[in-house]
Amino acid sequence: MKQVTRQFILWYGLFETFVFTGNIFGWTALHYMLRQEGIYEDACEPRNDTAHYANVTDVPSYNLKGYRTCESQDSILNLAYTIGSFCMGSTSFVWGFLLDKWGLRNVRLIINGLITSGCILLSLTVKETSFLLFPSLILMCVAGVPLRLANMQIADLFPERRSTVITLYSGAFSASASVFVFIKYGFDAGLPWEWACFLLVVLSALMLPVTLFVLPADRFGDEKGGLFTGKEKEVSSVAPCVWGTYTYIGDEPPYHRTTTMEKKETKGKSIQAAVSEQGKPEEIPLRRSLLSVSFLLHQYWFCWILLYTIIYVGTLHLWAERTTTDRSEDALFSEIYGIFQISGVFLAPIGGIFMDWSIRRVSKSEKLDPSDHMIQVLRSCFWPMFLTTLLEVVAQVCKFFNLRSAIYVSIVSVTLLRAFFISIGTAYLRIRFPAEHFNRLLGIMSTCSAIFCLFQFPLFIWESSSRQNVLYVNIFDSVCLVIAMIHPLLLVATPLQRYFLKEKSSS
């Protein structure tokens, strides 16, 4: 393939990833435009005398275009956001299998149809056709996952820079939350809603000729040198592509092998060879890892942090409305959040780099036996996981205060949190559990986290029902966060980790 073609595919794929794979996470800006257009305005009570609302909390207000806005309308819009977020993570397995079976071109043709259909329906979503919002978001979110997985294969065109390309595309996914912010700029400047969304239709239509005439029918390059080799070629290994950074993790140990360790490995391999002559040892059952305390704690930690980032986006406008009565300033918070997500292009690799550095820093000692060495490696995971959780702590503390400065600080914290926790959470699985369980555990964790995201809607209803309930929701979130904090803290509890490892070895 010519160099010019390779470069075009690289940058056009990056553009596709930025525009279509994660734009649902720019919900704050999209929510603002939907309310301005009177979407689901019918859910609000009609204009009446004020006595009618004397004892009613859901009193409709009026936006800049004269449409009513109220709690009931917000609830319906947030339900659409919740369903879209769920669709982002619940279909990764299906699309992975289809990519392997049908090839790149056929899957991308389906993707093109879904994205274009979703964008058309969104552009047709006006006050009279509010019901089109749900199918439009579902189609766009379902298609975002396979597009991200398909575009990750572009890294095979640059084998010497494969990790750089993967990191770049992961950052583009994080930055995708800013797409609706840019559309909102045009909307505020007077661009009609229909034409603002029609721009997405045009961009999605451009995908078709590229799919048919530029990209290969099956896959990029030779399978042997592809992105996923060996065990990593299994579909479940690409599940992290749904939510954030994908870090390629090979079959080699995730730490530096010293001279002593290599000698022990050589001795171990000779013993394994002798054992293999007598018969293959029985594989450790998956349920041993799946039902272990370590995995259950990690599953909860991962699910809660992901759910919190989705809750934050879905309730940011409620917090802004409690902080200021100026609707233009309310919209400014949405814009700032979206603009900050662009930094994901640069922040995405930092989490994985920090995790790798922490592990290698403690893996250079030649005096430790394998058991003690593994404990040291697990302890090295403490700081990356603890600091990641601490970012959520900062954001959660800010939510107790209805101050502009608190919102700004929380936006920075959540931006860093979104960029870090995926790569750190994924790397921990590879370090802590048997290599043959990695793909399946990762797939289970990703699927459970997608289901966990559905709790965003009841929490939104609870918070939006009254100002008094805001305090209760924040206390509930704080309790859940304290439980999540147990996981990284146990990593420095050496006796417990020694017990867990002994249990793992005896299995």
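The values are calculated or read from the model by the stated rules, or taken from the named source; none is laboratory data. No experiment lies behind these values; they were computed from the predicted model shown. Don't worry about glycine lacking a Cβ; one is built from the backbone with ideal geometry, like all the others, and counts go over all protein chains shown. These accessible areas exclude ligands, DNA and RNA; they are computed on the full protein's heavy atoms, side chains included. Shrake-Rupley method; radii C 1.70, N 1.55, O 1.52, S 1.80 Å.
Within the stretch 141-163, work out how many residues are modelled with pLDDT of 80 or more and either over 16 Å from Leu104 (Cβ atoms) or hydroxyl-bearing (Ser, Thr, Tyr) (or both).
Residues flagged as modelled with pLDDT of 80 or more and either over 16 Å from Leu104 (Cβ atoms) or hydroxyl-bearing (Ser, Thr, Tyr) (or both) within the stretch 141-163 amount to 4.
Just to be sure I understand the filter: pairs with C-beta atoms under 9 Å, separated by 6 or more residues or on different chains, first member in the stretch 110-139 and in contact (Cβ under 8 Å) with a residue 24 or more places away in the chain and among the charged types (D, E, K, R), second member part of a helix (DSSP H, G or I) and open to solvent by less than 30 Å² (accessible area, probe 1.4 Å). Which pairs pass?
That search, which allows pairs on different chains as well, returns Lys127/Glu41.
Looking only at the stretch 306-338, which residues are under 22 Å from Ile183 (Cα atoms) and not in a helix (DSSP H, G or I)?
If the condition is that a residue be under 22 Å from Ile183 (Cα atoms) and not in a helix (DSSP H, G or I), then Asp326 is the only one that fits.
What residue, of Leu491, Leu454, Leu441, Leu481, is open to solvent by 20 Å² or more (accessible area, probe 1.4 Å) and either at negative phi or at pLDDT 85 or above (or both)?
Leu454
Are any residues in the stretch 1-45 more than 27 Å from Asp330 (Cβ to Cβ) and assigned to a loop (DSSP other than H, G, I, E, B), and if so, which ones?
Met1, Lys2, Thr21 - these are the residues of the stretch 1-45 that are more than 27 Å from Asp330 (Cβ to Cβ) and assigned to a loop (DSSP other than H, G, I, E, B).
Could you go through the stretch 341-355 and let me know if any residue there is in contact with a Gly (Cβ under 8 Å, 6 or more places away or on another chain) and modelled with pLDDT under 75.
There is at least one residue in the stretch 341-355 that is in contact with a Gly (Cβ under 8 Å, 6 or more places away or on another chain) and modelled with pLDDT under 75.
If Gly84 meets every condition in (1) within 13 Å of Ile138 (Cα to Cα); (2) open to solvent by 10 Å² or more (accessible area, probe 1.4 Å); (3) not acidic (Asp, Glu) apart from one, which number is that one?
Every condition holds for Gly84 apart from (2).
For the stretch 412-427, does any single residue satisfy the condition of being among the aromatic types (Phe, Trp, Tyr) and surrounded by 23 or more Cβ atoms within 10 Å (Cβ to Cβ)?
yes
Filter the stretch 87-109 down to the residues that are part of a helix (DSSP H, G or I) and open to solvent by less than 60 Å² (accessible area, probe 1.4 Å) and list them by number.
Scanning the stretch 87-109 gives Cys87, Met88, Gly89, Ser90, Ser92, Trp95, Gly96, Leu98, Leu99, Leu104, Val107, Arg108.
Starting from the stretch 304-325, take each residue that is on the phi > 0 side of the Ramachandran plot and modelled with pLDDT of 95 or more and list its partners that are hydroxyl-bearing (Ser, Thr, Tyr) and surrounded by fewer than 23 Cβ atoms within 10 Å (Cβ to Cβ), counting only C-beta distances under 9 angstrom and pairs at least six apart or across chains.
Going by the 9 Å Cβ cut-off, there are no qualifying pairs.
Which residues, counting only those in the stretch 3-40, are among the charged types (D, E, K, R) and open to solvent by 10 Å² or more (accessible area, probe 1.4 Å)?
Hits for the stretch 3-40 are Arg6, Arg35, Glu37.
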